Amino acid sequence: MSEPNIFSALILGLIEGLTEFIPVSSTAHVQLASHFLKFESPSNAFTILVQLGAILAILLVYFKRLLDVALTLRSSERSRYFVLSILLAFLPAVVVGVFAESYINELLERPAIMCYVLIIGGIVLLAVDRLRLQPRHFDAMAYPLPLALRIGICQCVAMIPGTSRSGATIVGALLMGADKRSAAEFSFFLAMPTMVGAFVYKLYKVRNDLSVDDTTAIVVGFLAAFVSGLFVVRSLLAFVSRRGYAPFAYWRIIVGALGLLGLFYLG
């Protein structure tokens with residue numbers, strides 16, 4: 001693999017880890033950066049497979065709590081309830097993802113659409129952040145099951161590239177009575193089965209298309225995503241508790257606008 005491609009994989013991995021768990025759309029950021037860096041991967045494999053680094057980052061941060069849930073699954077009603085709520089929230093994405101795959105892949109080839117969605121999503125996020133909502137749910141591990149399912153349905157909106165999986169789930173949770181911190185935390189928990197499922201499915205689909213060079217790029221991107229993902233997961237909850245989601249809304253709007261300008265002038 002050439003040095004420029006290794007450098008591009010490193011940059012894209014850092015972008016993936018930094019943006020996966022915040023409501024700005026990691027897919028849009030990675031796809032736009034890939035476009036301008038002239039980085040290509042078969043069947044968009046890099047975009048999905050490099051997420052493994054971010055997956056492992058969040059699993060590491062929440063390892064103790066997840067281990068506790070696993071060890072008490074048979075004896076604790078709270079643990080069983082939590083697992084059921086996450087599986088219930090995950091289910092809509094499985095159904096919609098399988099049937100909408102070709103449509104999603106088509107949109108991934110149209111960076112301008114992602115820029116518009118970034119801007120629109122930023123405006124929506126800013127409006128929701130400014131609402132004086134009265135939260136009723138503060139524990140991400142004890143959300144009512146109907147609420148978990150509705151958040152899972154909101155996650156399906158994120159299959160439109162540029163929307164943001166975390167953004168869709170967080171906005172949905174906020175509008176349905178969750179506080180800002182628990183909304184972000186539930187989004188973390190829901191990311192685990194969602195990202196693992198997408199990773200395994202995409203890896204199976206592109207298994208015959210991967211070359212040694214592709215694997216090298218994915219490994220480099222994975223390591224970068226792991227390190228940057230650790231930083232974000234460890235700091236995000238405290239940040240949103242203090243600042244809310246407005247900074248991410250402004251970021252989306254700026255990136256979307258710059259992306260459109262770049263596409264107009266650079267192609």
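Values quoted throughout were computed directly from the atomic coordinates according to the rules given, and no laboratory measurement underlies them. Please read these numbers as outputs of a predicted model, since none were measured by experiment. Note that each Cβ is placed from the backbone with ideal geometry, even for glycine, and that neighbours are counted across all protein chains shown.
Annotations
- The C-alpha atoms of the chain define a longest principal axis, and helix 246-266 lies at about 20 degrees to it.
- Counting every pair of alpha carbons in region 166-267, the share spaced more than 18 Å apart comes to 66 percent.
- For the chain, the share of alpha carbon pairs falling in successive 5 Å distance bins from zero is 1, 6, 13, 17, 20, 18, 12, 7, 4, 1, 0, 0, 0 percent.
- Degrees between helix 3-19 axis and first principal axis of the chain (Cα, 0 to 90, nearest 10): 20
- Under 5 Å between amide hydrogens, built in the peptide plane, is the criterion, and for H137 it picks out A178, D179 among residues at least 5 positions away or on other chains.
- Seen against the Cα atoms of the chain and their longest principal axis, helix 165-175 is set at about 30 degrees.
- Here r is the Cβ-Cβ distance between L261 and L60 and R0 is 30 Å; the resulting FRET efficiency, rounded to 0.05, is 0.20.
- Across region 229-241, computed HN-Hα scalar couplings (Karplus, 6.51 cos²θ - 1.76 cosθ + 1.60, θ = phi - 60°) run x, 4, 4, 5, 4, 6, 10, 5, 4, 5, 5, 5, 5 Hz from first to last residue, x flagging Gly and Pro.
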